[in-house]
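What follows is calculated from the coordinates using simple rules that are stated; it is not laboratory data. Quick caveat, the model's predicted, so the values are computed rather than measured. Backbone-built Cβ (ideal geometry, glycine too); neighbour counts: all protein chains shown.
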Amino acid sequence: MNKKNVLYVGILLAGTMLSVAGNAQDLQDSIAVNPLDSIAAYDIFDKLSETAEGKVILGGDDVKSIINEMKTQKNNILKGWRIRIFRDSSQAASRKAESIKSDIEKTFPGVPVYIRHDSPHFYVEVGDYRTRDDAEKMKRTLRAEFPGASIVPASINFPPL
């Protein structure tokens, strides 16, 4: 999403909020909001469309899909740690990285393994650890086979529930 879309969404939402604030009494009679609803579960567009008299008209980009995309991106990425077990820039680096990834997946099923290419280097990183201590435990296990293993900060995937 580019800056123009973000600005457009911000202006549209600010205008919507001002309009809602101006007609708060009318909306209070037609919209029932549970104070225990979380912000993530509350969908203002659905609540506004429930009003008997008013209509919500969105112009330009589909604002609802942009907001949902932003929520998805924000909720699926956390700051955390991974263990880097391989770094190489040779011509055979890609094949070596694939081979190491395959070996780790067989040895530690269920542990995510990632190959990252940041030209000219290929990296193999293991895990999605929220704390450095959790990453340290796995690093000790991997050190027997990968003595150069190191813990690196990373944007990790949200752990499955």
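Close Cβ contacts (under 7 Å, 6 or more residues apart or on different chains) running from residues in the stretch 100-126 that are without any contact (Cβ under 8 Å) to a residue 40 or more places away in the chain to residues that are basic (Lys, Arg) comprise VAL113/LYS101; ILE115/LYS101; HIS121/ARG87; TYR123/ARG84; TYR123/ARG87; TYR123/ARG116. The number of residues in the stretch 89-117 being part of a helix (DSSP H, G or I), hydrophobic (A, V, I, L, M, F, W, C) and within 20 Å of ARG143 (Cβ to Cβ) comes to 3.
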